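Everything on this sheet refers to the single structure shown next.
Each value in this text was obtained by applying a stated rule to the coordinates, not by laboratory testing. Given the structure is predicted, the values throughout are model-derived calculations rather than measurements. Counting neighbours? That spans all protein chains shown, and the Cβs are built from the backbone with ideal geometry, glycine included.
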Amino acid sequence: MKTNTKLWLTEDGRSLIGEGKAALLEAIIEERSLNKASKKLNISYKHAWNMLKSMQENAGQDVVTTVRGGKDQGTFLTDYGKELLVDYGSRKNIIRETVEDETFWEGVGLKITARNQMRGRVIGVDKGDVISKVKVLIEPTVVTSVITSEAVDKLKIEDGDEVFAIVKSTEVMIGKK
């Protein structure tokens, strides 16, 4: 049996973005054109325009901007549109990681075996927009964990912090007291 999820971001009960609208925004970034983006997604231009209009009306602000004429013409995401797409992607990533990660249940109360926990000290945080690398000194070596930037923020991970590296055969997670 497999678990599936769907995600929508809402504002005051109004839908802002889900999988289809996120795909449209990503296609607009790649194609720099609403017409080309709609063709890429195999949807009509009118449907794509209605999706954007719905997002903008529900958000109360522009998601895209259009530049007409010249070599820099096209359709582009506004700063808000970019933030919305990044926020959607981050939350989708967290849900996917949670649902697909067999060790998630350990983090919410089940015991973790002592052999896969190692105490260490953070010696570097390379923070990206969505993904971050956390370097942990576990004498005599350094272990690097790739985790979401949102997790770094929530755990308030900084250089010098004492943490636990929780090792799974396919990944290294970070925990902090």
With the Cα gyration tensor of the stretch 35-79 giving a ≥ b ≥ c as the square roots of its eigenvalues, does the rule (a/c under 1.5 for rounded; else a/b larger than b/c for prolate; else oblate) give rounded, prolate or oblate?
-> oblate
Separation in nanometres of the label points that stand 7 Å from Cα toward Cβ, at residue 95 and residue 78 | 2.5 nm
Ordering 84-90, 41-47, 68-74 by per-residue average of other C-beta atoms within 10 angstrom, highest first, gives 84-90, 41-47, 68-74
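Quick one: grab the alpha carbon gyration tensor of the stretch 9-100, order the square roots of its eigenvalues as a ≥ b ≥ c, and give me rounded if a/c is under 1.5, else prolate or oblate depending on whether a/b is larger than b/c. Don't skip to the answer; put the middle values down first.
Working: a/c = 1.82, a/b = 1.57, b/c = 1.16.
Taking the square roots of the gyration eigenvalues as a ≥ b ≥ c, the stretch 9-100 is prolate.
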